[in-house]
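Below is one structure; the comments refer to it alone.
The values are calculated or read from the model by the stated rules, or taken from the named source; none is laboratory data. Nothing here was measured: the structure is a model prediction, and the numbers come from that model. All Cβ positions, glycine included, derive from the backbone under ideal geometry; neighbour counts span all protein chains shown.
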Amino acid sequence: MVRLRFSIRLSYEIVAQPADFIFNIQAAMTARQKLASETLLLSQAVATAFHIDPLRHNRLVRLRAAPGRLDVDYHAEVDIDHHTAKPHDIGEMPIMQLPPEVLPFLYPSRYCESDKLQALANREFGHLPRGYARVDQIRRWVTAHVRFVPGSSNFSTSALDTLNHQAGVCRDFAHLMIALCRALNMPARFCSGLDYGADPALGPTDFHAYVEVYLDGRWYLFDPSGTAMPMGLLRIGTGRDAADIAFATIFGNIRSELPVLSIDAVEDPAGRWSLPHPCEDALSTDG
């Protein structure tokens with residue numbers, strides 16, 4: 001089990017009229033990712049409404065802020081007790097055996113045009129034995145064919161754009177891998193969070209996007225960007241693609257500052273927690 005401690009600070013200047021915000025920055029609560037502690041502090045004394053999305057189980061915070069400055073500070077510690085399995089033991093599932101709540105992650109979505117990538121997916125991966133190894137081959141292919149270039153994409157960049165430009169950031173790698181998996185009838189979803197263990201040369205800590213693919217009744221973790229260690233991934237939200245899990249959705253006239261984030265692994269002399277480390281096993285934070 002690993003314990004990760006992280007913080008998120010968001011700062012805004014609300015201009016002239018009140019503005020409404022929906023934040024998706026709280027740690028997800030799953031069968032294997034549990035909250036040890038959390039605090040949410042706002043610089044304005046405003047009413048907040050907490051809500052769990054019934055479809056994706058994201059934890060949302062809604063508020064209306066008055067003109068002026070708004071600072072949002074979130075701090076949490078989470079314990080992650082990963083489910084582990086040997087990759088060669090994990091297979092794909094027939095469509096008829098998939099749970100109903102998984103089916104939406106088979107379809108094309110705004111940023112993941114899987115219907116336009118079927119020929120490519122079948123040519124590159126259709127001949128491979130079905131199972132975890134085939135998904136991991138898709139991950140490796142995306143990592144090899146796309147360069148990590150900060151600033152090379154924007155909010156409108158889709159999986160098809162990334163394939164054509166062969167450059168992007170973590171969300172672009174994730175969209176392309178998801179689209180290829182769905183093109184082969186494997187449910188795949190977009191995850192947002194933070195990652196412990198990333199190379200400091202990549203810059204300050206930022207939100208990280210990665211992929212979960214549904215295999216043998218469980219969502220397994222994959223990081224096609226190659227910048228993170230799967231055991232150090234901390235989940236905040238999940239969705240069909242990035243459109244479902246913006247960390248802040250804002251209605252009103254505001255000026256924003258860059259988010260300030262940090263994440264650390266907690267060491268424990270008593271041995272209750274271990275530091276994240278590279279692992280050959282397949283990992284999941286599902287039950």
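For the range 258-287: of the residues being of a type in the set (D, E) and touching a Leu at 6+ places or on another chain (Cβ under 8 Å), which is modelled with the highest pLDDT?
Step one: list which residues in the range 258-287 are of a type in the set (D, E), which gives 264, 267-268, 280-281, 286.
Next, only the ones that are touching a Leu at 6+ places or on another chain (Cβ under 8 Å) stay: 264, 267.
On the way: D264: 95, E267: 88.
The extreme case among them is D264.
Out of all the residues in the range 179-192, is one or more assigned by TED's automatic domain parsing to the domain that holds D115 and surrounded by fewer than 17 Cβ atoms within 10 Å (Cβ to Cβ)?
Yes; the residues of the range 179-192 include at least one that is assigned by TED's automatic domain parsing to the domain that holds D115 and surrounded by fewer than 17 Cβ atoms within 10 Å (Cβ to Cβ).
Please count how many residues of the range 141-171 are of a type in the set (D, E, K, R) and under 18 Å from Q118 (Cα atoms).
1
Taking V146, is it closer than 20 Å to D89 by Cβ, touching a Phe, Trp or Tyr at 6+ places or on another chain (Cβ under 7 Å) and modelled with pLDDT of 95 or more?
no
Go through (1) in contact (Cβ under 8 Å) with a residue 60 or more places away in the chain; (2) touching a strand residue (DSSP E or B) at 6+ places or on another chain (Cβ under 6 Å); (3) outside the structural domain of I250 (by TED's automatic domain parsing) and name the single condition A167 misses.
(1)
Say we look at the range 269-282 and pick out the residues that are closer than 14 Å to I80 by Cα and in contact with a strand residue (DSSP E or B) (Cβ under 7 Å, 6 or more places away or on another chain); which of these is surrounded by the most Cβ atoms within 10 Å (Cβ to Cβ)?
In the first step, residues of the range 269-282 are kept if they are closer than 14 Å to I80 by Cα; the result is 272-277.
This time we only want the ones that are in contact with a strand residue (DSSP E or B) (Cβ under 7 Å, 6 or more places away or on another chain), so: 273-276.
Values: W273: 17, S274: 13, L275: 14, P276: 21.
That would be P276.
Return yes or no: is D244 over 14 Å from I138 (Cβ atoms), of a type in the set (D, E, K, R) and surrounded by 15 or more Cβ atoms within 10 Å (Cβ to Cβ)?
Considered against the rule, which asks whether it is over 14 Å from I138 (Cβ atoms), of a type in the set (D, E, K, R) and surrounded by 15 or more Cβ atoms within 10 Å (Cβ to Cβ), D244 comes out as yes.
Only one of (1) in contact with an Asp or Glu (Cβ under 6 Å, 6 or more places away or on another chain); (2) over 22 Å from D244 (Cα atoms) is not met by I138, so which one is it?
(1)
Would you point out which residue out of L63, L55, L41, L70 is aliphatic (A, V, I, L, M), in the same structural domain as I14 (by TED's automatic domain parsing) and either within 22 Å of L275 (Cα to Cα) or modelled with pLDDT under 95 (or both)?
Numbers: L63 fails: either within 22 Å of L275 (Cα to Cα) or modelled with pLDDT under 95 (or both); L41 fails: either within 22 Å of L275 (Cα to Cα) or modelled with pLDDT under 95 (or both); L70 fails: either within 22 Å of L275 (Cα to Cα) or modelled with pLDDT under 95 (or both).
None of the others qualify; the one that does is L55.
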